[in-house]
Structure formats: C-alpha cells, structure tokens
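What follows is a short report on a single structure.
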Amino acid sequence: MFLTAVMAVTLFTVAAPTEAQAAGLSFKGNGKSTVTIKDTQCYSGRNLKVNYIKFKPSVTGTVTLKFDCSSSYYNNSQGYVTFCNKNKKTIGQKNEIWRNDYAGKIYNTTTYGVKKNTTYYFAVQCNAGTKITATVKAIKDSSASSKSKAKTLSKGKKVTGVIAYGDSKADWYKIKLTKSAKLNLYYLANTNGTNEKNGFKITFYNKDGKVFSGKNNGKKVSAISKVTRLYPEDGWYISLANGGTKFDLPSGTYYIKVERMSKASSGSYTLKWTTF
C-alpha cells in the first residue's frame, strides 16, 4: 500500500488576507462552469483578497474545482481555497493549498461532497489571475450506514459512494466468499484532503468483525488505509500469510468500512474486489 504524505510547499509571504468579493461570482448547480478571478482582484495593497464564490448544487454528489492560471503577467498561480457554508463559515479544511506550477491534477484540483439545494461558498485566495472550473457530478449513494445493514459488493463490480459535508455516518459494505480465496480490494477516492487528517479511511474487517491483520515480511500489518487527494488510489492483496507463503481466506462474510478522517473531509470513493 502507498503511504499518504503531507504536501509541504511554500506559497508566498503576505499580510493577513482582506475579505472582499467581486460581484456575482458563482458556479452553476450542475454540469461545468467557470469563474475567473482577475489579477486586479487578487490583492488589496500587500494583502490577499478573499473572493467568495457562491455554489448551490441541484444534485447530490461531488463538485471538483480545477485552478488554471489566467494571469496577464505570470505563467502560473497558486493560493488557498476554503469550503464554507451559507453563512461563509468554514466547514472544510481551512486554506487548502492549490497550485498549477506542477504537472498533475493532484495539485490543482480538489473535490468536495455536496448535498442537493444546499448553499455553499468557496473562499479563494490567489497570487495571480486564475480561472476556476467547477465540474458537478451526480452520485446515487446506495451504501448502508451500519455494519448490520452493510450492502453486498459483487465480485468484479464497481460501487461508488459519496460522503458529503454534514454526513457523520460511515459507509459499510460486505463481501461474501462462498469458498476460500485470496482477495484483491481496489479503491479510489476523490476528496479535498491533502494529509492524513483530511481524507478517507478504509478498513477491512474479517468475518469475526475484527480489523483484518496479516504479515508482511514477517511484520504484522492491519488492513487500514488512508487516502487523500495526493494519493487518491490504492489497494490491497488480502490473504493469510505465514513466512512469506500466502493462504486463502476462509469462506465467510467480510466487511469494508469507509469513513472520513475528520469533519473537514468529503468527496466520493469507488470500491471493487476480485480474487487472485
């Protein structure tokens, strides 16, 4: 499994931000839309401006923001984004870093789980003109909120779930092995989390309801993984092991729990399992 990491970057040193809003900044409630913050809207003297962008989704699912430089003077831009409620109070990770001076979407995109007809704001700070594209995706969530009602995952079939801001529940799934087998569990998350405190945690439980544990190079390891927007996908080869030899899991029912690592985390995830 990959290890999650904290993105440590240096942005710029400025005085405290000044709250401001260019009139009429908003994203559409569905599909794709863009908002442009001009060079002249980035600073007030030496202070960064906070530009609020209104968003009211017409569907439950996710919104992904992509930050592209549109400056008349610079080739790239960078800054912060904070997800807020209708009163412009922080509900997400405060001052999430974004930047587009590196290749790869992990640095200039971030995804949030949202609820239909709920008003949100994005508080954006940038050091140069930036075009922000919002892509809204509807997700029908059929997960269960308790282990006793866990939804069955069929072999080879993908399932997608959403965890929106305000959701305190975890999502539960179960896998039924009719005969012993080695199992490959794959997962992908689209989230706003950039470190192990903000993102999703995925846990695999054995048929006795305890966190599955095995051995890797003689060391005991638990089937718990944390996924963030920097390391959004991973997977496990799950089997019983002893001295480097892999043994099949016994037949029975196994469980998967997906939860957010903090109240600031949200987004969507995809699960799939096969045998090997």
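When region 197-213 is filtered for residues that are touching a Leu at 6+ places or on another chain (Cβ under 9 Å) and surrounded by fewer than 21 Cβ atoms within 10 Å (Cβ to Cβ), the ones remaining, listed by number, are Asn206, Lys207. Say we look at region 148-163 and pick out the residues that are surrounded by fewer than 11 Cβ atoms within 10 Å (Cβ to Cβ) and of a type outside the set (D, E, K, R); which of these is nearest to Thr62 (Cα to Cα)? Applying the filter and picking the extreme gives Gly156. For residues that are among the β-branched types (Val, Ile, Thr) and assigned to a strand (DSSP E or B), scanning just region 179-206, find the one that is farthest from Ser239 (Cα to Cα). Per the stated criteria, the residue is Thr191.
Of Val59, Val63, all but one fail to be within 25 Å of Ser266 (Cβ to Cβ) and part of a strand (DSSP E or B); the exception is Val63. Considering the conditions (1) touching a helix residue (DSSP H, G or I) at 6+ places or on another chain (Cβ under 9 Å); (2) of a type outside the set (A, V, I, L, M); (3) buried (at least 18 other Cβ atoms within 10 Å of the Cβ), Phe122 is excluded by exactly one of them, (1). If only residues of region 96-107 that are loosely packed, with under 14 Cβ neighbours inside 10 Å and assigned to a loop (DSSP other than H, G, I, E, B) are counted, the one that is modelled with the highest pLDDT is Asp101. In region 137-148 there is no residue matching the filter, namely being touching a residue at least 60 places away in the same chain (Cβ under 8 Å), within 19 Å of Ser33 (Cα to Cα) and in contact with a Pro (Cβ under 6 Å, 6 or more places away or on another chain).
Here's the yes/no breakdown for (1) surrounded by 15 or more Cβ atoms within 10 Å (Cβ to Cβ); (2) touching a Phe, Trp or Tyr at 6+ places or on another chain (Cβ under 8 Å); (3) not hydroxyl-bearing (Ser, Thr, Tyr):
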site: Thr62; (1), (2), (3): yes, yes, no
site: Ser72; (1), (2), (3): no, no, no
site: Ser77; (1), (2), (3): yes, yes, no
site: Thr82; (1), (2), (3): yes, yes, no
site: Thr109; (1), (2), (3): yes, yes, no
site: Thr118; (1), (2), (3): yes, no, no
site: Ile132; (1), (2), (3): yes, yes, yes
site: Ser142; (1), (2), (3): no, no, no
site: Ser146; (1), (2), (3): no, yes, no
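Can you name the residue in region 49-85 that is touching a residue at least 60 places away in the same chain (Cβ under 8 Å) and among the β-branched types (Val, Ile, Thr) and is also farthest from Thr34 (Cα to Cα) among such residues? Across region 49-85, the extreme among qualifying residues is Thr60. Can you confirm whether Ser71 is part of a loop (DSSP other than H, G, I, E, B), over 20 Å from the mean Cα position of the chain (by Cα), under 28 Å from Phe200 (Cα atoms) and of a type in the set (Gly, Ala, Ser)? For Ser71, the condition - part of a loop (DSSP other than H, G, I, E, B), over 20 Å from the mean Cα position of the chain (by Cα), under 28 Å from Phe200 (Cα atoms) and of a type in the set (Gly, Ala, Ser) - is not met.
The values are calculated or read from the model by the stated rules, or taken from the named source; none is laboratory data. Everything numeric in this text was worked out from a predicted model, so none of it was measured. All Cβ positions, even for glycine, are placed from backbone atoms using ideal geometry, and neighbour counts span all protein chains on display.
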